[in-house]
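Working notes, beginning with the structure itself.
Each reported figure results from applying straightforward, stated rules to the coordinates on display, with no laboratory input. Computed from a prediction, not measured in an experiment: that's the story for all the values here. Neighbour counts are summed over all protein chains in view; Cβ atoms, including those assigned to glycine, are modelled from backbone coordinates with ideal geometry.
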Amino acid sequence: DAGVIQSPRHEVTEMGQEVTLRCKPISGHNSLFWYRQTMMRGLELLIYFNNNVPIDDSGMPEDRFSAKMPNASFSTLKIQPSEPRDSAVYFCASRNQQGKNTEAFFGQGTRLTVV
Amino acid sequence: AQSVTQPDIHITVSEGASLELRCNYSYGATPYLFWYVQSPGQGLQLLLKYFSGDTLVQGIKGFEAEFKRSQSSFNLRKPSVHWSDAAEYFCASFKAAGNKLTFGGGTRVLVKP
């Protein structure tokens, strides 16, 4: 398996623009997580899905952030409009929740810079 | 609320010396516990995991961790560090019945020659 695939790896955008980050989970995994990593706040869980349904979005910082999972093999995290303080590394992870003693697998992350 | 605490932000250790990274969790029942490692510019790689059973868990790269219910701890250890162990280490937990993976703040390990 290719693992969790995130795209793009790097994104530079201007303040006010819309940004869409993409994630393809590992085939067969039914849980998907979006995290944001910054020096100041560490790894923050933004939202997670079970079976394509958002379960907990309490970590989404504000209405400018939205996430979707239209099917089991694809998820997006959208920021509209983007602001410089959104600059961070965004990680996607997936897990087979129905499996016994399973861990979450992480993608390589998307480094977002908003100028 | 479920939380994970890593008291040490930075640790510097000499190559060949032993290493212990601390992790404490706050949750009434036994959580599922993990240690991940992150090298610069990379994603997170699982070192080891604990779900139940033997409280001493062996992982990859020579790491081990011990679950101590009485201390709500899951400390990571390595008997002899290598320069390649320089990285950031994260402790994480699920509630046993849930699926919300929460991370500690991380400990950055520097290895001196």
All other residues with a Cβ under 15 Å from the Cβ of A:K78 taken together, and with Lys, Arg as +1 and Asp, Glu as -1, what is their net charge? -3
Which of A:P70, A:G99, A:Y35, positive extreme of dipole for the protein assembly as shown (C-beta unit charges): A:G99
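Could you pull out the GluC sites (Glu not before Pro) across region B:11-113 that fall in loop regions by DSSP (anything but H, G, I, E, B) with no more than 15 other Cβ atoms inside 10 Å?
Filter output for region B:11-113: B:E15.
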Ignoring GluC sites (Glu not before Pro) buried by more than 13 other Cβ within 10 Å or outside DSSP loops, the longest site-free run in chain A is A:63-115
Within region A:4-108, which trypsin sites (Lys or Arg not before Pro) sit in a loop by DSSP and count at most 13 neighbouring Cβ atoms inside 10 Å? A:R9, A:R41, A:K100
Across peptide A:102-113, what mean number of C-beta atoms from other chains lies inside 10 Å of a residue's C-beta? 4
Pair A:T20, A:I5: separation of 7 Å Cα→Cβ label points (nm): 1.7
Describe numerically, in nm with one decimal, the distance between label points set 7 Å from Cα along Cα→Cβ at B:K100 and at A:T38. 2.1
Please say if chain B is rounded, prolate or oblate, where rounded means a/c under 1.5 for a ≥ b ≥ c the square roots of the C-alpha gyration tensor eigenvalues, and otherwise the choice is prolate for a/b larger than b/c and oblate otherwise? prolate
Excluding residues fewer than 8 places away in the same chain, name every one of the lysines whose C-alpha is closer than 21 Å to that of B:K68. B:K49, B:K78, B:K95
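Given N residues in chain A, what is Rg(Cα) / (2.2 N^0.38 Å)? Don't skip to the answer; put the middle values down first.
Numbers: Rg = 13.5 Å, N = 115, 2.2 N^0.38 = 13.4 Å.
My calculation over the Cα atoms of chain A gives 1.01.
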Given contacts defined as C-alpha pairs under 8 Å and at least six residues apart, what's the relative contact order of chain A, whole-number percent? 37
